[in-house]
Amino acid sequence: MMWGGRFDKKPISEVLKFNSAENIELDQHLIFYDAVGSIAHVKMLGKTGIIKKEECEDITRALISFIKSTNEKTGALKLEYEDVHMNVEVAVTAITPHGKKMHTARSRNDQVLLDMRMYMRSNIIALGKSIVELQKSFETLAKKDGVMVAYTHTRVAQPITLSFWSDSVVKSLYRDLERLLQAYKRVNQNPLGAGAIAGTSWPIDRNYTAKLLGFEGVQENELDTINSRGECESEILAIVSILMNKVSGIAEELIWLSQKGLVQIPAEFCTGSSMMPNKKNPDVLEIIRGRTVRVQSNFYHALGVKKGLMTGYNSDLQETKYAIMSGIQTTIGCLDILQKLIPDLVFDQKEIATELEKGYAQATEIADSLARKGVPFREAHERVGKLVKDCEGQGIGLSNTAAFPEFSRKEWEDAVSLKRSRLERKVVVDKGYGKMLDDEEARIEKAYQNLIAK
Ligand code: ARG
């Protein structure tokens, strides 16, 4: 144990297992970030003269060879060394004894913050890209065009178009993207140098490590930096929780529309029953709905860990690691499968027209047309309401009724039509965000490659 000096006994194996077995599995995803972050730290130690030039070069070389031989998939972290941080240090020290100096002016508390900031940074980008792909799938869907039903209270309200419906999703997803990009700015601040709680008396250069790792700036107050573990996590989880509410709403709407026969969910996205040969179930959509609550629980988990937690590092914070990783990866999984399903949806125009007729969906348009002829809207509403009641009695739709005397034949046909040209939208996903995310990903990747190359 690297902290063994003040102990006369090692923790029993159950303690190690209890504290760290789950965590070390999650740390697999941090191996690269931990090692590349250590390269930046060690380079800074060399530059400021905290360690000697040769020591810096030796440790850097060892870290680079560690990165080249170990990755998320191959790197088996050993529980006996507790976590990724000490596993990396042990591996480096096995290559060069100078490895024993790499932890100078650093604590695992700021180190884990650093690793998590890098993890969140990359995964915000991945999430953003998945959102853009989902938007594009609605762009494709919108091209099919056609008529669609708008519901309020789950009852037929008015006719709309498929492009209008698709556009509403695209527009709404822009807000999620914007929220994510705002959070990104706060995540993209260098926490390294915060030490265990109060910084360090070594003459470190926090701007230098920030620059090497591609951070936009330095999170200045060290105590605040340590205290902010879990805050970025909670912010991102709040954002994905809001996002998943919409995704789950879309899933629910498609399940419902398909149950009514208005939409066919492509067979490749359905599964059958082991007992009932007739079944074709919309599992993907149901599982999206179900996983939404997982993401939202991850948000409460992160919030709950922080609730009432006093200043400084507390081991409770380790729990936020599972919450954020699960929240982000679950969300990405849901977005990616939904994005594949959307363009293949078949909206049955005949069934949709029948649904609209059965719901007297043109009623508002007729009332408005009548009001435009000078009839007070309240009277127009009353007359159309009576007409709907008559239709109901006769078992016919509004398209099959006699015109009001105020209307010409053409005007009546327009009023009872299910087509809504004012709701036809050309859905174009703004390429700006996709490019911004690609550029940012490339910028970070370049910073990492520079550290590994030299
Ligand atoms: N595994 C720990 C975490 O994820 C790393 C930091 C440990 N620091 C400590 N003082 N025990 O939070």
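The values are calculated or read from the model by the stated rules, or taken from the named source; none is laboratory data. Because the structure is predicted, anything quoted here is derived from the model rather than measured. Methodologically, a virtual Cβ is constructed for each residue, glycine included, from the backbone with ideal geometry; neighbour enumeration extends over all protein chains shown. Note: areas computed on protein heavy atoms with side chains; ligands, DNA, RNA excluded. Shrake-Rupley method; radii C 1.70, N 1.55, O 1.52, S 1.80 Å.
Summary table below
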read-out: Shape category assigned to the stretch 173-272 from the gyration tensor of Cα positions, a/c cut at 1.5; value: prolate
read-out: Potential lengthening between Lys307 and Lys73 on full extension [0.36 nm per residue; Cα-Cα distance subtracted]; value: 80.8 nm
read-out: Rg followed by Dmax, in Å, when the stretch 219-264 is reduced to its Cα trace; value: 19.2, 59
read-out: Prolate/oblate/rounded call for the stretch 1-96, Cα gyration tensor, a/c under 1.5 rounded; value: oblate
read-out: Computed magnitude of the charge dipole of the stretch 290-351 (debye, nearest 20; Cβ of K, R +1, Cβ of D, E -1); value: 240
read-out: Kirkwood Rh in Å, taken over the stretch 351-426 so that all alpha-carbon pairs contribute; value: 12.8
read-out: Isotropically averaged projected area of the chain, using the convex hull of Cα atoms (one quarter of hull area), nm²; value: 29.3
read-out: Percent of Cα pairs exceeding the 15 Å cut-off, where the set is the stretch 387-454; value: 73
read-out: Signed unit charges on C-beta, dipole axis of the stretch 389-454, positive-most listed residue Ser421, Ala403, Ala442; value: Ala442
read-out: Overall Cα dimensions of the stretch 68-201, principal axis frame, Å, largest first; value: 73, 35, 24
read-out: Alpha-carbon radius of gyration plus Dmax, which is the widest Cα pair, for the stretch 295-454 in Å; value: 28.5, 85
read-out: Calculated from backbone phi, Karplus (6.51, -1.76, 1.60) coupling profile of the stretch 341-355 in Hz, x at Gly/Pro; value: 7, 3, x, 8, 5, 10, 8, 7, 5, 5, 5, 5, 4, 4, 4
read-out: Whole-number accessible area per residue in Å² for the chain, which is evaluated in the context of all protein chains at 1.4 Å; value: 49
read-out: Other-chain or far-sequence residues with amide H under 5 Å of Thr161's (modelled H); value: Met148
read-out: Positive-end residue of Val156, Val295, Pro191, charge dipole of the chain with Cβ unit charges; value: Pro191
read-out: Spatial separation of Cα centroids for the stretch 251-282 and the stretch 306-361, in angstrom; value: 19
read-out: Gyration tensor verdict on the stretch 114-163 (Cα atoms; rounded if a/c is under 1.5, prolate if a/b is larger than b/c, oblate otherwise); value: oblate
read-out: Additional length obtainable on full extension of the chain from Leu181 to Lys350, 0.36 nm per residue less Cα span; value: 56.6 nm
read-out: By average C-beta atoms within 10 angstrom, highest first, the peptides 164-171, 368-375; value: 164-171, 368-375
read-out: Lys, Arg +1 and Asp, Glu -1 on Cβ, resulting dipole of the stretch 140-292 about Cα centre, debye, nearest 20; value: 620
read-out: Non-local Lys pairs in the stretch 76-152, i.e. 8 or more apart or on different chains, that have alpha carbons under 24 Å apart; value: 5
read-out: The stretch 2-50 and the stretch 126-181: distance between their alpha carbon centers, rounded to Å; value: 45
read-out: Within the chain, percent of DSSP bridges classed antiparallel, to nearest 5; value: 80
read-out: Distance between modelled label sites at Arg294 and Lys246, nm, 7 Å Cα→Cβ extension; value: 2.2
read-out: Over the stretch 212-313 - Rg/Rh using Cα atoms and the Kirkwood inverse-distance radius; value: 1.23
read-out: Cα-Cα P(r), the stretch 194-235, percent of pairs per 5 Å interval; value: 6, 21, 23, 29, 17, 4, 1
read-out: Helical mean residue ellipticity (222 nm; -39500 (n - 2.57) per DSSP H run of 4+; nearest 500) of the chain; value: -21000 deg cm²/dmol
read-out: Given charges at beta-carbon only (K, R positive; D, E negative), |dipole| of the chain in Debye; value: 440
read-out: Carbon plus sulfur fraction of accessible area for the chain, probe 1.4 Å, in percent; value: 53
read-out: Between the stretch 210-232 and the stretch 80-117, the Cα center-to-center distance that results, in Å; value: 19
